[in-house]
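Novice: Structure provided below as structure tokens; questions to follow.
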Amino acid sequence: MAKKKNTNEYRIREHEPNLETAEQMLTNIFEELKLEPASVPLEVMLSYVKYRRERYKLQRATLVVILILFIMLPLQFIPPTFTVTQLSGTETGVPTYIIKLSGPMPVASVTASVDDALFPVTELGDRVYSVQPMQNGTMNIRVTLSNRQYRDASIQVSNIDTSTPYLVSSNMEDNRLYLYVADDGTGIDYNRIYAEELDGTTVYPSSWNVGTGEIVFDNASNALNVYIPDTRGNYLHLVLTLN
């Protein structure tokens, strides 16, 4: 059977002298050294030491804050840096522009406009935005950072389809109306072609030919309002009186 090992634990207690004991010790030291007693009470000296310690901490904290502000000061004058690129392919007749920002400063706003018309800017990801201008002209893009610094970029927009389809020719044959149309932009949207008679009745083409631009209305009445759109939403409106 194993014997328990006796161990002696010694605890050292630290005794801090109180203020009266410390003053008495200081007086004894002065007497031993044959010096005049201190004219400033020990309590006052301890208070002053504590005051100096707190003041030092405050000064150090103030210097740290000033140093941080000094380091950040140049950032307050950094303007935004960004690039603008156009995506390839404009099947819808509306180009898409991608705005990519660089730099560490947070973005406050990104705006895009042509003349006085503002267009919505969509955030695609981190510091990446897109805009689709709806009219031709000089598009101004402005990027503003959180430090209120901004930069403008001007992009010439000229490839938006604003032209309407146009009538090439027309004729009547066997009570059928034949229209031949063309479009120089995004192309005619044949599925959305319709006509209205004088009494408000809506009629639709009986057939069409995308290759030739032929549109046929059967049993055409004496007067028709024909609406022919392109894929961009530009409409050709024809007012026809049939003989």
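Novice: How do I99, I188 rank by accessible surface area computed with a 1.4 Å probe, from largest to smallest?
Specialist: I188, I99
Novice: How long is the gain from T201 to S221 if the chain were fully straight, where each residue apart is worth 0.36 nm and the alpha carbon distance is subtracted?
Specialist: 6.1 nm
Novice: Out of all Cα-Cα pairs in the stretch 125-173, roughly what percent, to the nearest whole number, are more than 16 Å apart?
Specialist: That tail contains 63 percent of the Cα-Cα pairs.
Novice: Excluding ligands and nucleic acids, what accessible area in Å² is computed for S207 using a 1.4 Å probe, to the nearest 10?
Specialist: 50
The values are calculated or read from the model by the stated rules, or taken from the named source; none is laboratory data. All of these numbers come straight from a predicted model, not from anything done at the bench. To get the accessible areas, we keep the full protein, side chains included, count just its heavy atoms, and leave off ligands, DNA and RNA. Shrake-Rupley method; radii C 1.70, N 1.55, O 1.52, S 1.80 Å.
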